[in-house]
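Peer 1: Just dropping this structure here.
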Amino acid sequence: MRRYYLLILSVIFLFSTPTIAQEKWAVEFRPGLNFPTSDVGDTDADIGYGFEITGAYKIMPHLAFYAGWGFNQFRGDDVFTHEDITLLEKGFTFRFQINRQIGTSSFSYLARAGAIYNRIELENIAGDITADTEYGFGWQLAVGIDYELASKISLRPMLRYRSLSTDIEVENVSTETKLNYFSFGIGLAKKF
């Protein structure tokens, strides 16, 4: 958990330092709440939370490429054993973003589409990892608004949908596991 605190402190430091550039680059930190749309394998998952850190490069005036890393956690109960389980989803994200300004205001529309390359770990109440998947590809779509809070700093409330399907092996039995959820978060972005 200590490495997550260091990562968050690094992002805070980055947002507090002055930069010189042409706003081709951006860094974003996005915490959020996650709402599963179904059970995940044998686990009845509850509302979860997580965060994502991404970097972006503006390819054209309204189109950017994003890449980053994220961590999401869901609590739940195993349907068969009725034990408390924690699902950890972590991995990488790659996507394109379209950003269109609304008139001359400080607001812009955002739309994102892309891939995720994540894994799922199952953790018991003692904190031991009881099973995990290999990394697998999934996809995501997102819509939101960019509000320019200050020069080169924006708030980005966004709703996204993520889907990941991968195999998990428990006691030498491989089972397809699907993690589908809506996520709402408010990102803080700094442009360079």
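The values are calculated or read from the model by the stated rules, or taken from the named source; none is laboratory data. The structure displayed is predicted, hence computed values, not measured ones. Cβ coordinates were reconstructed from backbone atoms using ideal geometry, including for glycine residues, and neighbour counts include every protein chain displayed. Calculation scope for accessible area: heavy atoms of the full protein, side chains included, ligands and nucleic acids excluded. Shrake-Rupley method; radii C 1.70, N 1.55, O 1.52, S 1.80 Å.
Peer 1: Which residues, taken from the range 89-125, are among the polar types (S, T, N, Q) and closer than 30 Å to Glu171 by Cβ?
Peer 2: Selection gives Asn118, Asn124.
Yes/no per residue for (1) part of a strand (DSSP E or B); (2) open to solvent by 20 Å² or more (accessible area, probe 1.4 Å); (3) modelled with pLDDT of 95 or more:
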{"residue": "Arg3", "(1), (2), (3)": "no, yes, no"}
{"residue": "Val11", "(1), (2), (3)": "no, no, no"}
{"residue": "Pro18", "(1), (2), (3)": "no, yes, no"}
{"residue": "Leu33", "(1), (2), (3)": "yes, yes, yes"}
{"residue": "Ala67", "(1), (2), (3)": "yes, yes, yes"}
{"residue": "Gly70", "(1), (2), (3)": "yes, no, yes"}
{"residue": "Thr81", "(1), (2), (3)": "no, yes, no"}
{"residue": "Leu88", "(1), (2), (3)": "yes, no, no"}
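Peer 1: Ok, one more. Check whether at least one residue in the range 121-136 is crowded, with 17+ Cβ neighbours inside 10 Å, β-branched (Val, Ile, Thr) and closer than 20 Å to Leu63 by Cβ, and report yes or no.
Peer 2: Taking every residue of the range 121-136 in turn, none turns out to be crowded, with 17+ Cβ neighbours inside 10 Å, β-branched (Val, Ile, Thr) and closer than 20 Å to Leu63 by Cβ.
Peer 1: Just give me the residues in the range 90-119 being β-branched (Val, Ile, Thr) and at pLDDT below 95, in sequence order.
Peer 2: Ile102, Thr104
Peer 1: Select from the range 47-65 the residues that are open to solvent by less than 20 Å² (accessible area, probe 1.4 Å) and within 17 Å of Ala115 (Cβ to Cβ) and list them in ascending order.
Peer 2: Glu52, Thr54, Ala56, Ala64
Peer 1: Hey, among Asp132, Asp128, Asp146, which residue is among the acidic types (Asp, Glu) and within 18 Å of Ser108 (Cα to Cα)?
Peer 2: Asp146
Peer 1: Quick one: Ser154 ticks every box in (1) open to solvent by less than 30 Å² (accessible area, probe 1.4 Å); (2) under 17 Å from the mean Cα position of the chain (by Cα); (3) modelled with pLDDT of 95 or more except a single one, so which number is it?
Peer 2: (2)
Peer 1: Still on this structure: Is the range 143-151 home to any residue that is open to solvent by less than 60 Å² (accessible area, probe 1.4 Å) and closer than 21 Å to Ser38 by Cα?
Peer 2: Scanning the range 143-151 turns up no residue that is open to solvent by less than 60 Å² (accessible area, probe 1.4 Å) and closer than 21 Å to Ser38 by Cα.
Peer 1: What number of residues within the range 157-179 are under 15 Å from Thr37 (Cα atoms) and either surrounded by 16 or more Cβ atoms within 10 Å (Cβ to Cβ) or at pLDDT below 95 (or both)?
Peer 2: Adding up the residues that qualify gives 7.
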